[in-house]
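This report concerns only the one structure given below.
Bear in mind these aren't lab numbers, they're just calculated from the coordinates by the rules spelled out. Everything quoted here is computed from the prediction, not taken from an experiment. Backbone-built Cβ (ideal geometry, glycine too); neighbour counts: all protein chains shown.
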Amino acid sequence: MAGQASSELDAGSPLAVSLRGVTKIYDSGVAALGPVDLDVKRGEFVSLVGPSGCGKSTALRLIAGLAAPTAGTVGVSRLAAEMRGHHPIGFVFQEPTLMPWASVRENVRLPLKLAHAPTGEADARIDEALAQVGLAEFARAYPRELSGGMKMRVSLARALVTDPDILLMDEPFAALDEITRFRLNNDLLALWRKLHKTVIFVTHSVFESVYLSQRVIVMTARPGRIGAEFHVSATEPRGEEFRTSAEYAAFCRQVSNALAPAYAGHAGA
């Protein structure tokens, strides 16, 4: 029996996302996920880490409503965004997936165009989103003229332009060099503090997950379940002092130790 793809959480609930007994088995017979029970509070920054194929990206797709669970219930808070006439969820994929023939501005416009937003309103939202990611001066540029980090900023702006309450991010910085990745980590944290979004972030990097998150969810090998979770109770705002601190190193060791059983003998890890 198929699960409930997406239900709306009660308006008074402090939760942004709630998964209950969620499993996903693909038509091929591959059991990708679950069962999983997970609550994410409004405004929380949560990272999912685990070996390849453990269902991290599948979980994001279920939350976004891009796929239906085989069993269980996916609850998502939608009311606040929909009352503003905005989409409740923004999704940043592993690749920027930009239209090469369109300018930065027109790439960011796409979700608003699909929603038939009035031109004046759309222009204002695009200006705001580009400013938020530091690309206001590159609005007329084309993807071929941008670095990898800048392309990912465009993808982030496109996700933010509808002013979603929930931001889902699927390994967005994995292909970037370390310096660019660190810079984007810092910029993402600054945006999260400013905009108060709920962020669910998928990554293979223990170091990235600990640096960014209030809570790190460690998933087991396929079918992915929650093996452990850690509350990263570091002082805010975080910066380079935290990244080089003994506290940060200790959190990273804890997460790495919890991940070790999932990676033991895991093909493709």
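Would you work out the charge dipole size for the range 50-174 about its Cα centre, treating the Cβ of every Lys and Arg as +1 and the Cβ of every Asp and Glu as -1, and quote it to the nearest 20 debye?
Dipole magnitude for the range 50-174 comes out near 220 debye.
Quick check for me: using +1 on Lys/Arg Cβ and -1 on Asp/Glu Cβ, what's the dipole size of the range 100-163 about its Cα centre, in debye to the nearest 20?
Magnitude of the dipole: close to 280 debye.
Take 36, 108 and order them by how many other Cβ atoms sit within 10 Å, fewest up front.
36, 108
Roughly speaking, what is the stretch gain from residue 142 to residue 250, that is 0.36 nm per residue apart minus the C-alpha to C-alpha distance, in nm to one decimal?
Between residue 142 and residue 250, full extension yields 34.6 nm more.
Among 101, 192, which comes first, second and so on when ranked by fewest other beta-carbon atoms within 10 Å?
With the fewest neighbours first, 101, 192 line up as 101, 192.
Cα centroids of the range 143-185 and the range 191-258: how far apart, whole angstrom?
If we compute the Cα centre of each part, the gap is 18 Å.
Calculated from the structure, Cα extents along the principal axes in Å equals which of [x] 59, 44, 35; [y] 51, 47, 38; [z] 59, 43, 31?
[y]
Calculate the dipole size of the chain relative to its Cα centre from +1 charges on Lys and Arg beta carbons and -1 charges on Asp and Glu beta carbons; express the result in debye to the nearest 20.
260 debye
How high is the FRET efficiency between residue 30 and residue 257 when r is their beta carbon distance and R₀ equals 30 Å, given to the nearest 0.05?
0.60
Would you mind ranking 58, 73, 244 so that the residue whose beta carbon has the fewest other beta carbons within 10 Å leads the list?
Least to most surrounded, the residues fall as 244, 73, 58.
For a label point 7 Å from the Cα of residue 131 along Cα→C-beta, name the residues of the range 107-125 whose backbone N is under 14 Å from it.
Residues passing the 14 Å test: 123-125.
In a shell of Cβ-Cβ distance under 11 Å around residue 172, excluding residue 172 itself, what net charge do Lys and Arg (+1) and Asp and Glu (-1) give?
-1
With r as the distance between the Cβ atoms of residue 240 and residue 102 and R0 = 45 Å, compute the FRET efficiency 1/(1 + (r/R0)^6) and round to 0.05.
E(calc), rounded to 0.05, equals 0.80.
Considering lysine pairs in the chain that are 8 or more places apart or on different chains, how many have Cα atoms under 19 Å apart?
Within the chain, the lysine pair count is 4.
How would you rank 37-45, 234-242, highest first, on the average number of other Cβ atoms within 10 Å across their residues?
37-45, 234-242
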